[in-house]
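What follows is a set of notes on a single structure, which appears directly below.
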Amino acid sequence: MDSEPKKDIEVAPALIAVHPYQCSVAVAVGHHLRVFDLLAGSAVSLTDDSAAVPFHTDNIRAIRFGAKGKLFVSAGDDKTVKVWSTESWSCITSVSSEKRVSAVAISDDGTYVCFADKFGLVWVVDLDPPLRDKKPSPLLSHYCSIITSLEFSPDGRFILSADRDFKIRVTCFPEKPLNGAHQIQSFCLGHTEFVSCLAFVQALECPQGLLLSGSGDSTVRLWNVDSGALLDTCEVAIKAGLVESDGKAEEHDHAVTDLCTVLDGLLVAVAIQSLQGIILLSCNVSAKTLSVAKVVLMAGEAFVPTCLGSSPSTGKLWMVTGVSNLPGCNYPALARVRVISGIDVEQEPVVVGDDNIPGGEKLLETLQGNASVDDNTFLAAAEAVKTAMDHLLIKKQYPSANRESRKKCRNDRKLKG
């Protein structure tokens, strides 16, 4: 009897998260979770009494620190969400998801962790008390659209969810979230491709913050979340010189893959597919406008960032490129970490050399591993990430005849009694 065909192994981009006070840096690639303590100058030993090593058994798709830095969350394709204490780096809560997890968010007070699955549902977990195993409660739904990003608003009033169907939903976060969130504040509509990432810009004159979103349509947009009004649009691929303003690039070649605010939101770093570097945007909160401040290129190195991270008040931007399960590569988990310092409106950003990176050689060995990989491999990794992102987030268009045939074959219809 023939054996079943082997399932294709999915590639996943390398991720990076930075402690809000730059106490530690975490990198996830594949099922590997690597953390470096910048204060102690050494690798962190994670502990989880509920699981053997590795702590995740499939690709990790989301990592992040809480706003106060006391909590860290990791989640992914193994349908597991793990909440870690950053004081002991032990797993304090483990949550099982019905579907693979695509995004996570932590409330500002650290009481709630929310996560989204690839079926379009957002779940909430109450961490008070922080029991070993917790059952999540359904919070809201995007109705079968993959959720790509989750964010709490700076004032904690809203939870925002973005999806592959071009929309951003702003939902009032209730006092009793375990009963569900049923009040929608607004929708932010305007992107013409999947929304890939969200971030907030804060200022004294705007304590509730302004929302930034990046998309497969190669734009970064600025929003008022209370009304859902679009305030400004920056065509970052054109500004970076990747696309002529009167020409057409290949579709989806220059999707925005990540956003990260630096210096308390004075500047916004943008990662774009195919760009070997980053774009820095200046956000004028008073005028509610976006403009390109600088384009920082990685001279002499094939480095297309897959994820960005920073501590809010520092002028350092952390970046990672890499991928898991790259076909034809001997290393199952590739990662390369770089840092840009001197990020300021008045200064010229500098790409820090490996000798001067915070944490030095020990940090690089911890977060990257010991593999020596050439530039061509990392370029292939960037292309593999792009292809995987396209397959996951770009909706397939079917002829009308095919659509009718697919409807007849659907297996999610309820049978009539």
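If you scan the range 46-70, which residues turn out to be within 17 Å of the chain's Cα centre (by Cα) and buried (at least 20 other Cβ atoms within 10 Å of the Cβ)?
Answer for the range 46-70, where residues must be within 17 Å of the chain's Cα centre (by Cα) and buried (at least 20 other Cβ atoms within 10 Å of the Cβ): ASN59, ILE60, ARG61, ALA62, ILE63, ARG64, PHE65, GLY66.
Counting only residues that are over 28 Å from ALA62 (Cβ atoms) and polar (S, T, N, Q), which one in the range 219-258 is modelled with the lowest pLDDT?
Here the residue is SER245.
Got a number for residues in the range 11-30 being open to solvent by 40 Å² or more (accessible area, probe 1.4 Å) and modelled with pLDDT of 95 or more?
Qualifying residue count, the range 11-30: 0.
Looking at PRO130, PRO138, can you tell me which residue is surrounded by fewer than 23 Cβ atoms within 10 Å (Cβ to Cβ), part of a loop (DSSP other than H, G, I, E, B) and in the same structural domain as VAL73 (by TED's automatic domain parsing)?
Answer to the check: PRO130.
For residues in the range 200-218 being at pLDDT 90 or above and open to solvent by 10 Å² or more (accessible area, probe 1.4 Å), which is farthest from ASP253 (Cα to Cα)?
Result: PHE200.
Can you pull out the residues in the range 48-72 that are farther than 21 Å from VAL11 by Cα and not hydroxyl-bearing (Ser, Thr, Tyr)?
ASP48, ASP49, ALA51, ALA52, PHE65, GLY66, ALA67, LYS68, GLY69, LYS70, LEU71, PHE72
Looking at (1) in contact (Cβ under 8 Å) with a residue 12 or more places away in the chain; (2) open to solvent by 30 Å² or more (accessible area, probe 1.4 Å); (3) not acidic (Asp, Glu), which is the one condition that is false for ALA40?
Looking at each condition in turn, ALA40 falls short on (1).
Condition (residue is aliphatic (A, V, I, L, M), open to solvent by 30 Å² or more (accessible area, probe 1.4 Å), in contact (Cβ under 8 Å) with a residue 40 or more places away in the chain and farther than 19 Å from ARG157 by Cα) applied to the range 87-102: is it met by at least one residue?
yes
Quick check, is VAL339 open to solvent by 60 Å² or more (accessible area, probe 1.4 Å) and under 30 Å from ASP264 (Cβ atoms)?
no
Could you tell me which of the residues ALA75, ALA116 is open to solvent by less than 10 Å² (accessible area, probe 1.4 Å), more than 27 Å from CYS23 (Cα to Cα), modelled with pLDDT of 95 or more and within 18 Å of the chain's Cα centre (by Cα)?
ALA116
The values are calculated or read from the model by the stated rules, or taken from the named source; none is laboratory data. The shown structure was predicted, so the numbers you read here are calculated from the model rather than taken from an experiment. Here Cβ is always computed from backbone atoms with ideal geometry, including for glycine, and neighbour counts include all displayed protein chains. For the accessible areas, the whole protein counts, side chains as well, though only heavy atoms, and no ligand, DNA or RNA atoms are used. Shrake-Rupley method; radii C 1.70, N 1.55, O 1.52, S 1.80 Å.
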